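These notes concern the structure reproduced below.
The values are calculated or read from the model by the stated rules, or taken from the named source; none is laboratory data. These numbers come from a predicted model, not from an experiment. Using ideal geometry, Cβ is built from the backbone for each residue, glycine included, and neighbour counts are taken over all protein chains shown. Ligands, DNA and RNA are stripped out before the accessible areas are found, and what is left, the full protein with its side chains, is counted by its heavy atoms. Shrake-Rupley method; radii C 1.70, N 1.55, O 1.52, S 1.80 Å.
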Amino acid sequence: MHEPPTPPPPPGEGETDPVTRIAAALAGPGWCLAEAFLSPAETGALAAECRALREEGGFRHARIGVGASLRLRPEIRGDRVRWIDPAAPAPALRPYLERIERLRLALNETLWLGLFEFEGFFAVYPPGGFYARHLDNFEGARHRLVTCVLYLNGDWAPGDGGELRLYTDGEDPARRVDIEPRGGTLAAFLSERFPHEVLPARRDRLSLTGWLRLRE
Ligand code: OGA
Ligand code: MN
């Protein structure tokens, strides 16, 4: 049996600023969910941006590895991605990037993480798309410290699949939580600590996935 999908109790009870709450959770259990991290309108604008980029043909099959070992591995992951340019963000990205910047500063202040920047991409998992269990740092590259995944399907329903399965104890595969990719929800966790996977989606699953990272 695995534990029921209950997130850890929100550290900083009564804390209303989600950024402060997330920083406290990352210092404690190391992972958290923030529902309504973006409003439905902000989430909808990001979903529209993601769909428009896809219409333009700007997405590529996601690959695995770094440098010369980068390759297509459809048996490991089936999403399509489009990297964002944080230097010239589309207007729809600004509310999210502002909040992530505040999170970066809060984590540096409270945990001294020395986070340098955010990197991220829009991802679309088509029906049947999944991502096998993995950690977010490949082959010794350890500059990704905090994974942030923002979900963009405003009308996600149980049965649509595509849950993020987070193994809360890397040593014990039975200890895990399944997170529904509901629009506006942010999942944040320490990249090195939590193996995770994306279960097969049954319809297009949209997200904005990224990392707070150290200077290379
Ligand atoms: C990733 C990843 C999780 C998700 O892109 O590395 O694990 O829920 N994404 O989309
Ligand atoms: Mn991952």
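Ordering H61, H196 from largest to smallest accessible area (1.4 angstrom probe), what's the sequence?
Correct descending sequence by accessible area is H61, H196.
Just add up the charged neighbours of L212: K/R +1, D/E -1, any other residue whose Cβ is under 9 Å from the Cβ of L212. Please report the intermediate quantities before stating the final value.
Values: positive: R104, R144, R213; negative: E117, E119.
For residues surrounding L212, the net value is +1.
Where Lys and Arg each count +1 and Asp and Glu each count -1, what net charge lies around E55 among other residues with Cβ under 15 Å from its Cβ? Don't skip to the answer; put the middle values down first.
Values: positive: R51, R54, R60, R80, R82; negative: E49, E56, D204.
Once positives and negatives cancel, what remains is +2.
Please turn the phi angles of segment 186-198 into ³J(HN,Hα) values with the Karplus equation 6.51 cos²θ - 1.76 cosθ + 1.60 (θ = phi - 60°), one per residue in order, whole Hz, x for glycine and proline.
My calculation for segment 186-198 gives 10, 9, 10, 7, 6, 4, 7, 8, 10, x, 7, 8, 10 Hz in order.
Before I look further, what does segment 108-215 give for accessible area per residue, probe 1.4 Å, in whole square angstrom?
Values: 4330 Å² over 108 residues.
Counting only protein heavy atoms, the per-residue value for segment 108-215 is 40 Å².
Each residue of segment 123-131 in turn: what ³J(HN,Hα) in whole Hz from Karplus with 6.51, -1.76, 1.60 and θ = phi - 60°, glycine and Pro shown as x?
In residue order, the calculated couplings are 10, 10, 9, x, x, x, x, 8, 9 Hz.
Using all alpha carbons of the chain, what is the percent of pairwise distances in each 5 Å bin, ordered from the shortest bin to the longest?
1, 7, 15, 20, 22, 19, 11, 4, 1, 0
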